[in-house]
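Data first, discussion second: the structure below is written as structure tokens.
The values are calculated or read from the model by the stated rules, or taken from the named source; none is laboratory data. Computed from a predicted structure; not experimentally measured. Heads up, the Cβs are rebuilt from the backbone with ideal geometry, glycines too, and the neighbour counts pull from every protein chain shown.
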Amino acid sequence: DYKPGGTQSTYFNDPKWPSMWYMHCSDNTHHCQSDMNIVGAWKRGYTGKNVVITILDDGIERTHPDLMQNYDSNASYDVNSNDIDPMPRYDASNENKHGTRCAGEVAAIANNSHCTVGIAFNAKIGGVRMLDGDVTDMVEAKSLSLNPQHIHIYSASWGPDDDGKTVDGPASLARQAFENGIRTGRNKLGSIFVWASGNGGRSKDHCSCDGYTNSIYTISISSTAESGKKPWYLEECASTLATTYSSGESYDKKIITTDLRQRCTDSHTGTSASAPMAAGIIALALEANPFLTWRDVQHIIVRTSRAGHLNSNDWKTNAAGYKVSHLYGFGLMDAEAMVMEAEKWTTVPQQHVCVESTDHQAKTIRPDSQVHSVYKATGCSDNSNHHVIYLEHVVVRITITHPRRGDLAIFLTSPSGTKSQLLANRLFDHSTEGFKNWEFMTTHCWGEKAAGDWKLEIHDTPSQLRSFKSPGKLKEWSLVLYGTSIQPYSPRNDFPKVERVRSSPVEDPTEDYGTDDYAGPCNAECSKVGCDGPGPDHCTDCLHYYYKSKNNTRICVPNCPPGHYNVDKKRCKKCSPNCETCVGSHSDQCLSCKSGFYLNEESNVCITSCPDGFYLDKNKIVCRKCSENCKTCTESQSCTECRHGLSLYGSRCAVRCEEGKYHNGRECEPCHRSCATCAGSGADACINCTEGYFLEDGRCVQSCSGGYYLDHSLENGYKTCKRCDASCLECSGQGDKNCTSCPNGYILDTGVCVIGTVCKDATEESWAEGGFCMLVKKNNLCQRKVLQQLCCRTCTHKG
Amino acid sequence: PACRTRMYTNHWAVRITGGHQEASRIASKYGYVNIGQIGALKDYYHFYHSKTIKRSVLSSRGTHSFISMEPKVEWIQQQVVKRRIKR
């Protein structure tokens, strides 16, 4: 049952569960900034059931105790050896651990006391062994098109070399495999391909040069460290869609997963952990709504990912209201938001593709200069089958000749003014091949309007001396606009936005697309009465509860969502704005508060800071009442200020009586005769003493006791007896040089108590070593330098 | 600039109309083994030729090359090794 507010934490017995900060950071036991709301999605009942994922890599250890139960042989194959068993090849270096590690991120079993917990721990997981041998176009095509009616999600954490000089992508067969999967996979809903964005930390690679991650068919996933900072290996890219956590610097927490030989690991994961994490999250969304198309999934990711604490200096808000960056795409994925969006999602309208061919006149690209080309696009308004008004992906297909490809940087600015960098300079790319019909892709214009002036900029910045005789040339470029001719979002897709950080990108909510008669399955939250669509907003009647969205759509839910309360049998109504849970809609009917607010335990109101007379409890949730005598306090009985008329005694407040009296609970009574002021009866409760008395450990005495000395400095206007230094038995002042007598075993030597084993003039019978001293003297041993130490510092050279 | 040489393998991708049996018949006629359909790509088959060098910088020439002249063979491509890196 879903309990909102994170008050009840999920716990698994898997040994690494407590360290999986990226899954349950919100339980406040880890000092992380934000998680991906995985637990929130689980609490809504989604754990990946009936979703099949495969990892395209170097195999999968199907016998691993964390994977065995979820292993799916129909989602697995050994392309390298052409057989059905994808077990990795074992060698001394454990080279083929990669696939098994990725698989654990997705679907490691929960609660089996072995290692870790996968994001979709009830999903089916398979593996394709395809990287442990010669990889060819055919090998890739076989892997990408394995069993597309059975497998829902393909996750790949590999690609062309990230050496900063390679430009490569899918060849003809792999390209067909992608298109085939998109068109026919998952019963024509489209296979989901998740890809790890590049890993170019050492070579300053740019992920636009990787045709796999740069494809509209792949969901390109980038990584962020625990701190929200850019990991050293991350490649900036306009085609990145979203981000998940992965490893960062040595001080950042790591990702934990299954390892080869039935082990568990938290070693560096690089960008590779991010794709399977995203695949796991997408599996949760597919469980929430199995009818999502491949484009629905991308739309949901765009709408639910959030910038949060991710650190980048290029965050910008595009004209459709989406915050986007080259490092993180639309931000950190949010599993709970995705499943909520999936539950009530209405399929986006058909994709239109509009190819705008610009003029073919070649333009010279001179060193240290820029070439601009502006194209006025209509979005193919003259062709209803290709007309694009609302953008999704934008591809620039470009042919450039150039003497040094690495010196080029390319930018594209949309009609709404959103500028994306399609290519950055690459120090190591000395190629003279230029780009031949290479497709650069950007997601940054998602939701914007297609029509208007598109501006292409090419910058040539020579990194080294180059011949000026053969400058580069922009030979041709064309714009491929993907999107829809009608508003992609049904008004139904616009709830809930309570937790969203961005405003709705919907520009014209009246522009809906019609609902046809529906014969498919109803959402699990619909009662037997029926429904007119697959979502929880399509139910004719609800099984449990319902709430109303902003546009008055009724959404069926198993429990009232955060910020709502049960009015009657079925209806959820909104709490007061600051309440997380409540018993009514008034501001003083809160049971718990939203983040940033504290519940006043007396008034049940959510407030931003505790008032006087209240303190914030240990969990920083509730303002609790101080003891009645305190004005302010840190705990119930630990006053820091007192109510008027009371005085602070230590951490307690008591009634103030006239000098020489104390309050016994009913009235003021005189202090003991020796006390000038006191906190209670008797000589032991003195605060200050009357004249002729000195304060000694809370008592007033006429002369200081043994072990105390009279301190003539006035403390609060009174002389006091202070305890002697620990080395003295008695003393005349503070410190260890004012002793007047010493404890047993010590002797007094000019005000200092020294250990009694020291001889005195080598004659005096000391308590332990007198005989020895005599011996020293008799034999003139002090004249022997080595033995001087034996007789300590009392020897003379005369003996 | 680093010289990147193409590395040809003894595997071919072939597009043949007429189904699996027809593909196998044509394969055996020219000394290939039909390994099977390439994933879910209809009419695309994986052929293997054991008497061709496993890896070569030169594309393969020989009587087996005449397979492309078969009327039902629409396309054939000797597979080239592609450098792929785990991330």
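Here are the numbers:
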item: Subset of the stretch A:156-171 (residues that are closer than 20 Å to A:A120 by Cβ and at the interface with chain B (Cβ under 7 Å from one of its Cβ atoms)); result: A:S157
item: The stretch A:655-684, subset among the polar types (S, T, N, Q) and assigned to a loop (DSSP other than H, G, I, E, B), residue surrounded by the most Cβ atoms within 10 Å (Cβ to Cβ); result: A:S674
item: Residues satisfying the stated conditions in the stretch A:62-88, i.e. in contact with a Gly (Cβ under 8 Å, 6 or more places away or on another chain) and away from every other protein chain (no Cβ under 14 Å); result: A:R62, A:H64, A:D66, A:L67, A:N70, A:Y71, A:D72, A:S73, A:P86, A:M87
item: Members of the stretch A:80-129 found to be buried (at least 17 other Cβ atoms within 10 Å of the Cβ) and over 26 Å from A:L286 (Cα atoms), listed by number; result: A:N80, A:M87, A:P88, A:N96, A:K97, A:H114
item: Qualifying residue in the stretch B:50-59 (condition: facing chain A (nearest Cβ under 8 Å) and surrounded by fewer than 20 Cβ atoms within 10 Å (Cβ to Cβ)); result: yes
item: Selection count where residues are touching a Ser or Thr at 6+ places or on another chain (Cβ under 8 Å), assigned to a helix (DSSP H, G or I) and either on the phi < 0 side of the Ramachandran plot or modelled with pLDDT of 95 or more (or both), scope the stretch A:267-306; result: 15
item: Residue, modelled with the highest pLDDT, within the stretch A:617-658, restricted to residues that are touching a His at 6+ places or on another chain (Cβ under 9 Å) and not aliphatic (A, V, I, L, M); result: A:K631
item: Scan of the stretch A:249-266 for residues that are assigned to a loop (DSSP other than H, G, I, E, B) and crowded, with 23+ Cβ neighbours inside 10 Å, ordered by number; result: A:I255, A:I256
item: Verdict on B:T63 being under 25 Å from A:D57 (Cα atoms), at pLDDT below 95 and either surrounded by 16 or more Cβ atoms within 10 Å (Cβ to Cβ) or more than 10 Å from chain A (Cβ to nearest Cβ) (or both); result: no
item: Every pair of residues 6+ apart whose Cβ atoms lie under 6 Å, when the first sits in the stretch A:668-690 and is acidic (D, E) while the second is outside any strand (DSSP E or B); result: A:D684/A:G698
item: Residue ID - farthest from A:Y77 (Cα to Cα), chosen from residues in the stretch B:32-49 that are part of a loop (DSSP other than H, G, I, E, B) and within 9 Å of chain A (Cβ to nearest Cβ); result: B:K42
item: Residue in the stretch A:139-155 that is buried (at least 24 other Cβ atoms within 10 Å of the Cβ), more than 7 Å from every other protein chain (Cβ to nearest Cβ), charged (D, E, K, R) and not in a strand (DSSP E or B) present; result: yes
item: When residues of the stretch A:457-474 are limited to those that are under 18 Å from A:E433 (Cβ atoms) and aliphatic (A, V, I, L, M), the one surrounded by the most Cβ atoms within 10 Å (Cβ to Cβ); result: A:L474
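Condition check ((1) modelled with pLDDT under 95; (2) among the hydroxyl-bearing types (S, T, Y); (3) under 28 Å from the mean Cα position of the chain (by Cα)) across all residues:
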site: A:P4; (1), (2), (3): yes, no, yes
site: A:V39; (1), (2), (3): yes, no, yes
site: A:V51; (1), (2), (3): no, no, yes
site: A:N70; (1), (2), (3): no, no, yes
site: A:A75; (1), (2), (3): no, no, no
site: A:P86; (1), (2), (3): no, no, no
site: A:T100; (1), (2), (3): no, yes, yes
